[in-house]
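Encoded as structure tokens, the structure appears first; notes follow it.
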Amino acid sequence: MKKCCLAVDIGASSGRLIASYLKNGQLKLNEIHRFENKIVRKDDQFCWELDRLFLEIKKGIKKCQGKGLKPESIGIDTWAVDFILLDDNEKPLTNSVAYRDSRTDGMMDEVFKIIMKERLYLETGIQFQKFNTIYQLYSIKQNNPEILDKAASFLMIPDYFNYLLTGKKANEYTNATSTQLVNAFTKKWDDEILDQLGIKKEIFQEIHNPKTVLGTLKEDLVEEFGFDMKVILPATHDTGSAVISVPELDETIYISSGTWSLIGVENYFPICITKALDYNFTNEGGIDYRYRFLKNIMGLWMIQEVKRNYQDQYSFAELVDLARQVQEFTSTVNVDDPRFLKPENMIEEIQRYCQETNQAIPTTPGEVAKCVYDSLVCSYQQAINQIEEIFERKFEKINVIGGGCQNEMLNQLIADTTKKVVYAGPIEATAIGNIVSQLMAVGEIEDINEARTIVKHSFEVKKFSPSIITA
Ligand code: ADP
Ligand code: LRH
């Protein structure tokens with residue numbers, strides 16, 4: 001049996017369990033299990049299927065032995081902001097409502113009536129997104145206060161899975177910061193904000209940092225799997241894990257490209273200046289108290305929905321090919337318009353936008369896909385301009401990581417539009433960040449610098465140079 005560690009990485013569109021070990025200074029990856037993730041309609045709300053996701057995690061763990069692998073530790077990361085409230089008997093009090101649900105409509109303004117927007121930003125450094133945990137909790141407070149009264153514990157999604165594995169309740173730092181309820185300077189739950197909103201503090205757990213060994217498996221699970229292992233906290237926010245494995249951050253802007261496009265830089269301190277607030281940049285907490293100064297761009301969610309609206313007739317690769325074949329179609333949409341957050345039909349929403357703005361309406365799958373890719377790149381360019389303005393300097397390179405970096409047409413388009421060299425990879429950046437955090441926790445990797453060097457030597461990164469346009 002080969003000793004390994006196991007990363008569970010669940011994004012909004014898919015989850016995977018990847019086993020990994022170090023061999024001659026290189027990380028070896030072995031994908032054990034992959035499954036779909038999606039939002040479903042339940043009791044008139046958009047929800048996640050947490051029970052099914054936990055079963056998938058267990059299924060993946062059980063597959064290890066058959067593949068000759070003996071996991072010594074496991075780490076879980078997922079998308080951010082969503083949570084579960086448990087009652088006194090440790091039972092969930094609500095459906096696992098997804099951040100795209102409309103329960104937060106209007107909630108930002110309700111919160112701003114109590115706490116000034118500027119103050120919220122100064123204290124937390126977190127961008128304003130209508131679906132942040134703070135607005136989700138405030139919506140429960142306003143509409144179903146009895147639920148908050150009954151709540152005994154607040155766990156974010158990876159915290160909840162960790163609780164199911166170990167029986168231990170903890171909130172992990174990187175994901176906790178995405179709530180907009182953690183003070184960017186003390187790195188603790190911001191009691192003043194909680195008091196002002198009337199959300200009881202007792203439900204929150206102690207905040208633990210990535211690289212903490214949370215515990216081992218519960219006895220019944222040891223029996224079910226036939227082995228025990230350590231449960232280690234990686235950066236449980238998927239974007240936090242992804243950024244750990246950007247091979248080189250010198251002069252580089254990263255784009256973590258999946259359901260969302262997260263574009264930004266790594267910092268050693270939060271930047272809460274007015275310009276960052278105006279441009280709505282966030283300062284999410286990272287490993288070793290580094291900060292991800294970044295901006296959420298609507299991302300490949302739009303193409304995921306387009307694909308779904310075409311009844312999955314085309315694969316992602318086929319949509320890219322169809323877009324590539326289109327010539328002279330230049331309509332673009334503002335991808336960051338909230339209308340694209342959860343429209344009934346993404347294709348029709350894009351078409352309506354083009355009609356309202358007097359542009360040509362995309363009709364073929366290739367035109368729709370081209371419109372999405374071109375529009376995303378417009379938004380990337382704008383965010384890059386804003387970052388360079390805030391930092392008062394130019395960045396030379398862009399590193400695209402995550403599933404979206406497989407889109408070579410998009411990589412080239414980013415290079416051509418921004419006139420910067422684009423590096424693409426690693427694809428499984430998030431799982432890799434999760435794995436190296438576990439290896440740092442057990443002392444097999446010394447620190448993040450060594451982790452990044454190992455990533456650099458282990459995975460292929462493709463280079464896309466801006467095309468030279470000759471007259
Ligand atoms: P998340 O973690 O948010 O679920 P991923 O990092 O898994 O997202 O990235 C998923 C995205 O990667 C898809 O929405 C798709 O646009 C893109 N993608 C996946 N495979 C390909 C491919 N073969 N060609 C182009 N794009 C791809
Ligand atoms: C990406 C991500 C992102 C959050 C969003 C909710 O998967 O975690 O960093 O803003 O999902």
Q. Quick one: in the stretch 396-412, which of the residues that are aliphatic (A, V, I, L, M) and surrounded by 22 or more Cβ atoms within 10 Å (Cβ to Cβ) is farthest from ligand 1 (Cβ to nearest atom)?
A. Ile398
Q | Failed condition for Ile74, given (1) touching a residue at least 60 places away in the same chain (Cβ under 8 Å); (2) under 17 Å from the mean Cα position of the chain (by Cα) | A | (2)
**Q.** Tally, over the stretch 112-129, of residues that are outside any helix (DSSP H, G or I) and surrounded by 15 or more Cβ atoms within 10 Å (Cβ to Cβ)
**A.** 6
Q. Of all strands (runs of 3 or more DSSP E) completely enclosed by the stretch 1-94, which ones contain at least 1 residues that are of a type in the set (Gly, Ala, Ser)?
A. 2-10, 14-23, 69-78
(Q) If the requirement is being under 22 Å from Trp301 (Cα atoms), part of a helix (DSSP H, G or I) and in contact (Cβ under 8 Å) with a residue 24 or more places away in the chain, which of these qualifies: Ser437, Ser375? (A) Ser375
Q. Going by the conditions given, is Gln327 over 18 Å from the mean Cα position of the chain (by Cα), within 16 Å of ligand 1 (Cβ to nearest atom) and surrounded by fewer than 18 Cβ atoms within 10 Å (Cβ to Cβ)?
A. no
Q. Just to be sure, is Ile271 assigned by the TED database to the domain that holds Ile387, in a loop (DSSP other than H, G, I, E, B) and either more than 18 Å from the chain's Cα centre (by Cα) or away from ligand 1 (no atom under 13 Å from the Cβ) (or both)?
A. yes
Q: Would you check which residues across the stretch 217-249 are touching a residue at least 12 places away in the same chain (Cβ under 8 Å), over 17 Å from Glu284 (Cα atoms) and among the acidic types (Asp, Glu) and list them?
A: Glu224, Asp228, Glu248
Q: Restricting attention to helices (runs of 4 or more DSSP H) lying wholly within the stretch 130-211, give those where 1 or more residues are closer than 30 Å to Ile432 by Cβ.
A: 133-143, 157-166, 173-177
**Q.** Pick from the stretch 298-324, criterion crowded, with 20+ Cβ neighbours inside 10 Å and outside any helix (DSSP H, G or I), ranking: nearest to ligand 2 (Cβ to nearest atom)
**A.** Gly299
**Q.** From Asn95, Asn132, Asn89, residue being of a type in the set (S, T, N, Q), over 29 Å from Phe340 (Cβ atoms) and modelled with pLDDT of 95 or more
**A.** Asn89
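For every residue, the table says whether it meets (1) under 28 Å from Ser261 (Cβ atoms); (2) buried (at least 21 other Cβ atoms within 10 Å of the Cβ); (3) within 16 Å of ligand 1 (Cβ to nearest atom); (4) of a type outside the set (D, E, K, R).
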| site | (1), (2), (3), (4) |
| --- | --- |
| Pro71 | no, yes, no, yes |
| Trp79 | yes, yes, yes, yes |
| Arg100 | yes, no, yes, no |
| Glu110 | no, no, no, no |
Q. Could you list, in sequence order, the residues of the stretch 21-59 that are under 21 Å from the mean Cα position of the chain (by Cα), within 18 Å of Ile432 (Cα to Cα) and not hydrophobic (A, V, I, L, M, F, W, C)?
A. Glu31, His33, Arg34
Q: Hey, can you tell me all the residues within the stretch 325-345 that are in contact (Cβ under 8 Å) with a residue 12 or more places away in the chain and away from ligand 2 (no atom under 16 Å from the Cβ)?
A: Gln325, Val326, Phe329, Thr330, Ser331, Thr332, Val333, Asn334, Asp337, Arg339, Pro343, Asn345
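Yes/no matrix, rows are residues, columns are (1) touching an Asp or Glu at 6+ places or on another chain (Cβ under 9 Å); (2) not small (Gly, Ala, Ser):
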residue: Asn385; (1), (2): no, yes
residue: Val400; (1), (2): no, yes
residue: Gly403; (1), (2): yes, no
residue: Met409; (1), (2): yes, yes
residue: Ala429; (1), (2): no, no
residue: Gln438; (1), (2): yes, yes
residue: Gly443; (1), (2): no, no
Q. Out of Arg393, Arg352, Arg339, which single residue is surrounded by 15 or more Cβ atoms within 10 Å (Cβ to Cβ), charged (D, E, K, R) and outside the structural domain of Lys130 (by the TED database)?
A. Arg352
Q: Kindly establish whether Val265 is surrounded by fewer than 24 Cβ atoms within 10 Å (Cβ to Cβ) and within 16 Å of the chain's Cα centre (by Cα).
A: yes
Q) Of the residues in the stretch 1-34, how many are aromatic (Phe, Trp, Tyr) and within 11 Å of ligand 1 (Cβ to nearest atom)? A) 0
Q | Residue list for the stretch 81-95, filter: more than 16 Å from ligand 1 (Cβ to nearest atom) and under 17 Å from the mean Cα position of the chain (by Cα) | A | Phe83
Q: Please name all residue pairs, on different chains or six or more residues apart, with Cβ atoms under 6 Å, provided the first residue is in the stretch 417-429 and is among the hydroxyl-bearing types (Ser, Thr, Tyr) and the second residue is at pLDDT 95 or above.
A: Thr417/Val377; Thr417/Gln381; Thr418/Gln381; Thr418/Ile384; Tyr423/Asn399; Tyr423/Val461; Tyr423/Lys463
**Q.** Complete set of residues in the stretch 396-422 that are more than 23 Å from Phe459 (Cα to Cα) and part of a loop (DSSP other than H, G, I, E, B)
**A.** Lys419
Q) Of these, Glu444, Glu460, which one is acidic (Asp, Glu) and more than 22 Å from Thr236 (Cβ to Cβ)? A) Glu460
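The values are calculated or read from the model by the stated rules, or taken from the named source; none is laboratory data. Model, not experiment: these values are computed from the prediction. When we count neighbours, we look across all protein chains shown, and the Cβ atoms used for this are built from the backbone with ideal geometry, even at glycine.
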